[in-house]
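K.L.:
Below is a structure I'd like to ask you about.
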Amino acid sequence: MHILISGGAGFIGSNLAEYHLNKGDQVHVVDDLSTGSRANVIPFEDNPSYRFDEADVLTWPGLKESAAWSDRIYHLAAVVGVFKVLAEPIKTLATNVAACERVLRAAHSGRWNPQIVLASTSEVYGTGVHCRVGETIACRDIDPDSIPPFQEDMEPLVGSSAISRWNYSISKLTDEAFGVSYAKVHRMKVIVTRFFNTVGPRQTGRYGMVVPRFVRQAVAGEPLTVYGDGAQRRCFCDVRDTVSALDALATGGSGWGQIVNVGHDQEVSILGLAELVKKLASSSSPIIFIPRHEAYSEDFQETVRRRPDLERFNRLAGGFQYRWNLERTLLDLIARERQKQPVPSQGGTNGH
Ligand SMILES: NC(=O)c1ccc[n+]([C@@H]2O[C@H](COP(=O)([O-])OP(=O)(O)OC[C@H]3O[C@@H](n4cnc5c(N)ncnc54)[C@H](O)[C@@H]3O)[C@@H](O)[C@H]2O)c1
């Protein structure tokens, strides 16, 4: 198969590229390296089935030609990560919306009707509760059990457009609407995939991602920094399961025009996650709590519970089998981090 991956030098994109190259597919990656990195894709560069273009999807002259060559397009390129979204609210909207529409238009303009997998996010579900502008959702105020697993047909409870934190969700909701509309109007094979928290090799903690941050801190013997009180609950899916889930959905071929959650439903609180990372890394790091307004430098509306309803996914992905669970993923990430970090010197050793 011919596979085009926008954002393919990023965390999920590079794992997708690796997955398809291992299957024997031809892979074309386009990435502007804004949050992705060349290091993520260097291992593939000697593979004759791999091609890389460093370019912005918004202006890339090769897009039409590559879309016409593709059997399948994964559109992942986006401004991502809480810190980046807060720092660049206009770029978040402009890039995420315009890039997605440009990819859909390019695919439509070719004679071929490629499969298109659009990356959306569980962030489109918002907080899962109604709140007023400026109101902080503190975990202690809301019983996480009162928030049901997020199901694709639920009304999104994204916060106000007056709060930049929601620009990411708003941009992705718009992308979803474009995807579903192109599928409907032009009978294109588009599937919208809402990723829940995804973790694994090559994810960076630089833009606010919690698992790489905790793993790095635990291995380095630094305090694990929990934002808020840590009662917020999340479900983490290993990226190696995510990429094969995306392939299963596209290959199954019964989800065109639909929106589907992609993730795992093993749930953990953020404090529970910090404790688990500490235990698995045999780390003596303390756990410290940082108020959200300090962590994010603005009053941050938190989603107290984020768990996917996977009924539609299981139906469309036809008996998908997960190969990873959270403990196994964390052990793998801890081992990789140990290889990266220098071994701390023993007390008293001074070279004599
Ligand atoms: N990681 C998660 O938990 C998660 C959860 C939900 C949704 N997603 C979605 O999955 C996709 C991939 O996210 P990720 O976690 O791998 O993040 P990432 O930052 O590693 O990947 C995004 C990639 O897109 C590239 N990019 C950004 N703007 C671009 C542009 N204009 N032109 C070309 N390339 C551009 C970046 O350089 C980066 O390599 C994103 O669309 C994101 O919204 C991720």
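K.L.:
Pairing the Cα long axis of helix 11-22 with the longest principal axis of the chain, what angle in degrees results, from 0 to 90 and rounded to the nearest 10?
P.N.:
Computed tilt is about 60 degrees.
K.L.:
Rounded to a whole number, what is D in µm²/s for the chain from Stokes-Einstein with the Kirkwood radius over alpha-carbon pairs (20 °C, 1.002 mPa s)?
P.N.:
Rounded, D is 102 µm²/s.
K.L.:
Specify the longest stretch of the chain that does not include any exposed loop site, a site being one of the trypsin sites (Lys or Arg not before Pro) with a non-H, G, I, E, B DSSP assignment and at most 13 other Cβ atoms within 10 Å.
P.N.:
207-322
K.L.:
³J(HN,Hα) across the stretch 52-67 via Karplus (A = 6.51, B = -1.76, C = 1.60, θ = phi - 60°), whole Hz, x for Gly/Pro?
P.N.:
Values, residue by residue: 10, 10, 7, 7, 8, 4, 5, 10, 4, x, x, 4, 4, 5, 5, 5 Hz.
K.L.:
Oh, and also: Tell me, what ³J(HN,Hα) does each residue in the stretch 181-194 have, in order and in whole Hz, if you take phi through Karplus 6.51 cos²θ - 1.76 cosθ + 1.60 with θ = phi - 60° and put x for Gly and Pro?
P.N.:
3J(HN,Hα) across the stretch 181-194, in whole Hz: 5, 4, 5, 6, 6, 10, 6, 8, 8, 10, 10, 9, 10, 8.
K.L.:
Run through the stretch 258-338 and list the GluC sites (Glu not before Pro) located in a DSSP loop whose Cβ has at most 13 other Cβ atoms within 10 Å.
P.N.:
Glu298
K.L.:
Still on this structure, I have one more. Magnitude of the Cβ-charge dipole of the chain, K/R +1 and D/E -1, about the Cα centre, nearest 20 debye?
P.N.:
Taking the Cα centre of the chain as origin, the dipole is about 420 debye.
K.L.:
To continue, here is another question. List the GluC sites (Glu not before Pro) in the stretch 1-61 that DSSP assigns to loop (not H, G, I, E or B) and whose Cβ has at most 13 other Cβ atoms within 10 Å. Which are they?
P.N.:
Glu45
K.L.:
In the stretch 52-207, with Lys and Arg counted as +1 and Asp and Glu as -1 at Cβ, which of these residues, Thr204, Ala98, Ile147, has the Cα nearest the positive end of the dipole, that is, farthest along it?
P.N.:
Ala98
K.L.:
Still on this structure: Explain nothing, just the number: dipole magnitude of the stretch 136-243 about its Cα centre with +1 on each Lys and Arg Cβ and -1 on each Asp and Glu Cβ, in debye rounded to the nearest 20.
P.N.:
540 debye
K.L.:
Given the options Pro114, Pro61, Pro201, state which has the largest fluctuation in a GNM of the chain using a 10 Å cut-off (strictly under) for Cα springs.
P.N.:
Pro61
K.L.:
For a Förster distance of 45 Å, can you work out the FRET efficiency between the beta-carbons of Arg105 and Val129, rounded to the nearest 0.05?
P.N.:
0.80
K.L.:
Right, something else. What number, rounded to the nearest 500 deg cm²/dmol, is the helix-based mean residue ellipticity at 222 nm of the chain, given -39500 (n - 2.57) per DSSP H run of at least four residues and division by all its residues?
P.N.:
Rounded to the nearest 500, it is -11500 deg cm²/dmol.
K.L.:
Tell me the angle of helix 89-109 to the major Cα principal axis of the chain, expressed in degrees between 0 and 90 and rounded to the nearest ten.
P.N.:
For helix 89-109, the angle is close to 30 degrees.
K.L.:
Could I ask something else about it? Can you give the charge dipole size of the stretch 221-331 about its Cα centre, rounded to the nearest 20 debye, using +1 on the beta carbon of Lys and Arg and -1 on the beta carbon of Asp and Glu?
P.N.:
The dipole magnitude comes to about 360 debye.
K.L.:
With point charges of +1 on the Cβ of Lys and Arg and -1 on the Cβ of Asp and Glu, referenced to the Cα centre of the stretch 265-330, which listed residue (Ala295, Ile270, Gly319) lies farthest in the positive direction of the dipole?
P.N.:
The residue sitting farthest along the positive end of the dipole is Gly319.
Computed from the coordinates by the stated procedures, all read-outs in this text should not be read as laboratory data. Predicted model, so just to flag it, every value in this text is computed and none were measured. Note: ideal-geometry Cβ built from the backbone for every residue, glycine included; neighbour counts use all protein chains shown.
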